[in-house]
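Bear in mind these aren't lab numbers, they're just calculated from the coordinates by the rules spelled out. Everything numeric in this text was worked out from a predicted model, so none of it was measured. All Cβ positions, even for glycine, are placed from backbone atoms using ideal geometry, and neighbour counts span all protein chains on display.
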Amino acid sequence: MNEGEVEWPPSPYRLLRALYDAWKRKHAEVAESDVGKLLSALAAESPGYRLPEAIAAHTRSYLNSNTFDPTEKSLVFDAFVAVSPGASLYLTWPNVRLTEVQLELLDRLLGSLNYVGRSESWVEARVHDGAVQGGIPCEPMAENAEAGDMVPVACAVPESLYAEKRPWLDAIAYSTAEFQKDRRSMPPAMRMVPYVRPADAIRARALRPQTRNAGVQAVLMELSSSVLPLVTATVEVAEQVRVRLMGIHKRITGDARRVSPVFSGKTPDGEPRKDHQHVFILPLANDRGRIAKLLLYTRSSEGFSAEEVQAMLQMTELYGRSSEDPIRVMATWRGKCSDSRIRPASRRVSSTTPFIAGRHWRKGRGSYAEFLMGEVRRECRNHGLPEPSRIEMLQQGTGLFEWVEFRRNRKDDIPRPGYGFRLEFNEPVPAPFSLGYGCHFGLGQFAGD
């Protein structure tokens with residue numbers, strides 16, 4: 001819940017627990033020893049999968065918080081995948097051999113399943129007799145594994161490797177109440193096995209290619225991780241987002257030469273774009289100085305293309321502290337970049353990341369302070385903003401970090417000095433916005449006071 005992460009493929013551990021439940025509720029006449037031998041045989045090997053095509057989606061609901069205030073509600077994101085009605089998903093155990101009696105018992109238990117996991121996840125399950133054809137392969141990671149995304153899949157600990165005092169079959173049925181009471185980090189009979197899932201196994205909602213979504217100029221994304229990145233790493237996060245979007249868009253188009261200039265920021269000749277019509281990637285920090293959201297927007301009146309929107313929706317994670325703890329990403333809103341819910345208008349704004357002048361100071365450009373303020377005015381003109389009526393230089397940083405603590409350069413560039421400002425305008429302007437060097441990567445951000 002709220003991680004934007006879908007259990008896909010459905011885990012073998014979940015299936016074994018569902019079979020145990022079907023036995024207890026509907027087939028109590030079957031001996032415990034027979035069920036135990038069957039489940040133990042299935043747990044001896046991590047199965048392979050053949051997956052149907054799946055589309056990622058989510059619901060958003062405001063639920064009451066566990067407080068004394070009934071009006072306090074929390075926004076809950078509930079992610080899932082949708083498959084075509086009647087689509088088939090196969091689990092295969094190449095090295096497991098069951099007796100005829102065990103196959104018959106397995107088919108009876110599978111036939112008693114109405115759903116797997118959540119009650120709305122309806123299934124019809126049975127033993128498949130014959131070859132498996134088609135489907136998207138998803139296998140346990142091996143040295144010669146095909147390229148794809150590494151996903152951890154919950155599998156049962158084989159009975160031969162199980163070392164706890166609790167009987168193995170009882171451990172398969174380990175309850176949430178027991179889990180909380182024992183204060184364990186993982187159920188006793190569960191282990192996480194790395195699988196390789198093809199990158200296109202889960203797609204964003206199908207969109208018509210080669211068209212422009214005039215209404216989509218901005219996409220807001222939520223980040224989730226045990227440790228979110230600090231706002232001082234704004235540039236690193238934004239650069240990673242750009243690389244991810246270019247890679248996903250390349251995969252969608254099937255041609256590196258067709259990678260969107262909105263993402264690359266370059267002309268067909270490979271020169272940097274100077275019209276500021278390409279994507280602005282603004283990592284947004286929470287009040288603890290951690291990047292909790294991403295705002296991606298373009299000022300182009302045409303908005304993002306359908307393929308560009310699709311690429312953003314398919315970006316579901318970023319690198320975190322380790323491969324076991326990625327940063328999960330979920331798009332939560334899309335619309336106009338002028339929408340006041342995302343960029344409310346304000347007459348006074350202040351720096352949230354350091355402003356870095358795009359030019360160097362030299363004699364004839366006034367004092368250094370006058371030069372910096374002139375650069376702010378020049379950048380406002382370049383970005384179509386009105387000229388500020390007042391510019392105040394801030395001596396302190398954000399309150400949590402000094403400007404010098406931020407990374408202030410893009411890859412292969414030399415770090416430059418950064419400064420903070422408070423700007424006042426005669427008319428309200430949408431914020432956040434960014435100015436100066438690295439403005440498309442979150443530097444020079446201003447937000448309303």
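For this structure, a couple of remarks:
- Computed [θ] at 222 nm, helices only, for the chain once each DSSP H run of length n ≥ 4 contributes -39500 (n - 2.57): -6500 deg cm²/dmol
- Bridgeable aspartates and glutamates around residue 37 (alpha carbons under 17 Å apart, same-chain partners fewer than 8 residues away excluded): 21, 29, 45, 100, 104, 107, 159, 170.
- A simple rule links phi to the HN-Hα coupling: the Karplus curve 6.51 cos²θ - 1.76 cosθ + 1.60 with θ = phi - 60°, which for the range 267-278 gives 7, x, 7, x, 8, x, 6, 10, 9, 6, 8, 7 Hz, with x for Gly and Pro.
- Near residue 121, the amide H atoms lying under 5 Å from its own belong to 116; only residues 5 or more places off or on other chains count, and H is placed 1.01 Å from N.
- Size-normalised alpha-carbon gyration radius of the range 33-192, reference 2.2 N^0.38 Å: 1.26
- For the residue pairs 250/411; 26/181; 181/293; 363/411; 73/411; 73/250, the alpha carbons lie more than 31 Å apart in 181/293; 73/411; 73/250.
- Charge dipole of the chain (Cα centre as origin; +1 on each Lys and Arg Cβ, -1 on each Asp and Glu Cβ, all else neutral): 1740 debye, rounded to the nearest 20.
- Taking amide H as placed 1.01 Å from N in the peptide plane, residue 330 has its amide H under 5 Å from the amide H of 222, each at least 5 places away in sequence or on another chain.
- Of the peptides 278-290, 168-180, the order by per-residue mean of other Cβ atoms within 10 Å, starting with the highest, comes out as 278-290, 168-180.
- Judged by the mean number of other Cβ atoms found within 10 Å, the most tightly packed of the peptides 402-409, 310-317 leads the ranking 310-317, 402-409.
- Summed side-chain charge close to residue 36 - residues other than residue 36 whose Cβ falls under 13 Å, Lys, Arg +1, Asp, Glu -1: -2
- Nitroxide proxy distance, nm - points 7 Å out along Cα→Cβ at residue 180 and residue 426: 6.1
- Count Lys and Arg as plus one, Asp and Glu as minus one, and take only other residues whose Cβ is under 9 Å from that of residue 80; the net charge is then -1.
- Neighbour-limited loop hits for trypsin sites (Lys or Arg not before Pro), the range 78-170 (at most 13 other Cβ within 10 Å; DSSP other than H, G, I, E, B): 97, 118, 126, 165
- Cut-off 12 Å between beta-carbons: net charge of the residues surrounding residue 336, Lys and Arg +1, Asp and Glu -1: +3
- Label assignment, log10 I(q)/I(0) by the Debye sum over Cα atoms at q = 0.06, 0.08, 0.10, 0.14 Å⁻¹ derived from the structure, set [x] -0.28, -0.49, -0.78, -1.53; [y] -0.42, -0.63, -0.82, -1.28; [z] -0.36, -0.59, -0.84, -1.30: [z]
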